[in-house]
Amino acid sequence: MSVLRHMGKSMEATEIRMLETRTYTGGCHCGRVRYEVTTDLATVMDCNCTHCSKRGLLLTFVTPDKFTALAGDDGLQDYQFNKKMIHHLLCPTCGIESFARGTAPDGRRMVAINVRCLEDVDVKSLLPVPFNGRDM
Ligand SMILES: [Zn+2]
C-alpha cells in the first residue's frame with residue numbers, strides 16, 4: 001500500500017515537473033533581493049547537512065545563465081563553512097538566504113536556488129530528493 005502510494009505520488013510529481021519549465025521570480029522576505037530563474041524544478045534537493053537542515057533549505061541548482069539578479073545582488077552577506085565551496089548569500093536586512101553561488105565538483109559554477117523563496121511554487125507538490133550532505 002505505502003509503496004503504491006509512493007509510486008503514484010512520484011508519477012504525479014513527475015508530470016507536474018515536466019510541465020513546469022518556466023521563469024520564476026524569487027527573492028528574500030523584505031524584497032531587497034529579487035531575481036528571476038528559469039528552471040523546470042526537475043530536481044529539488046533536501047540536504048541533511050547541518051546548515052541546510054537548520055535553515056530548512058530546499059534547493060535546485062541552475063547554471064548562471066539561467067539566473068538573473070534583479071535587485072539586491074550587491075551588499076549580500078556571505079556565509080561560508082566546511083569546504084567553502086558555496087557562498088550562502090543572506091539578505092542583510094531580513095536574513096533570508098534566497099539563493100547561493102557555488103562550484104560543482106566538476107568545476108562548473110552553479111547557482112543554488114532556495115525553492116521556498118520562489119513565487120507561485122507549491123512546495124508540497126514537489127518531491128524533494130534526499131541528499132546526504134552531512135557526510136560530505
Ligand atoms: Zn530581505
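Do the sum for the chain: with -39,500 (n - 2.57) for every DSSP H run of n ≥ 4, divided by all residues, what is the mean residue ellipticity at 222 nm, to the nearest 500 deg cm²/dmol? Per the formula, -5500 deg cm²/dmol. A simple charge model with +1 on the Cβ of Lys and Arg, -1 on the Cβ of Asp and Glu and nothing else charged puts the dipole of region 2-135 at about 400 debye relative to its Cα centre.
Highest mobility in the GNM of the chain, judged by mean-square fluctuation with C-alpha springs under 10 Å and restricted to A71, A100, A112, is found for A71.
Output the 0 to 90 degree angle, nearest 10, between the alpha-carbon long axis of helix 2-19 and the longest principal axis computed from the alpha carbons of the chain. It is inclined by approximately 50 degrees. At q = 0.11, 0.22 Å⁻¹, what base-10 log of I(q)/I(0) does the Debye formula yield for region 2-135 when every alpha carbon is treated as an equal point scatterer in vacuo? Each listed q corresponds, in turn, to -0.40, -1.46.
Calculate, in nm to one decimal, what V129 and K83 gain on full extension: separation in residues at 0.36 nm each, minus their alpha carbon distance. Mind showing how you got there, number by number?
Values: separation 46, 0.36 × 46 = 16.56 nm, distance 2.24 nm.
Working it through step by step, the gained length comes to 14.3 nm.
Cross-chain or 8 or more residues apart, Cα under 26 Å: how many lysine pairs in the chain fit that? Count them up, please. Pairs that pass both the separation and distance tests number 7.
Within the listed set P92, P105, P64, the residue fluctuating most in the Gaussian network model of the chain (springs between alpha-carbon atoms under 10 angstrom) is P105.
For the options V111, V123, V44, a Gaussian network treatment of the chain with springs between C-alpha atoms closer than 10 Å singles out V123 as fluctuating the most.
Values quoted throughout were computed directly from the atomic coordinates according to the rules given, and no laboratory measurement underlies them. The structure displayed is predicted, hence computed values, not measured ones. Don't worry about glycine lacking a Cβ; one is built from the backbone with ideal geometry, like all the others, and counts go over all protein chains shown.
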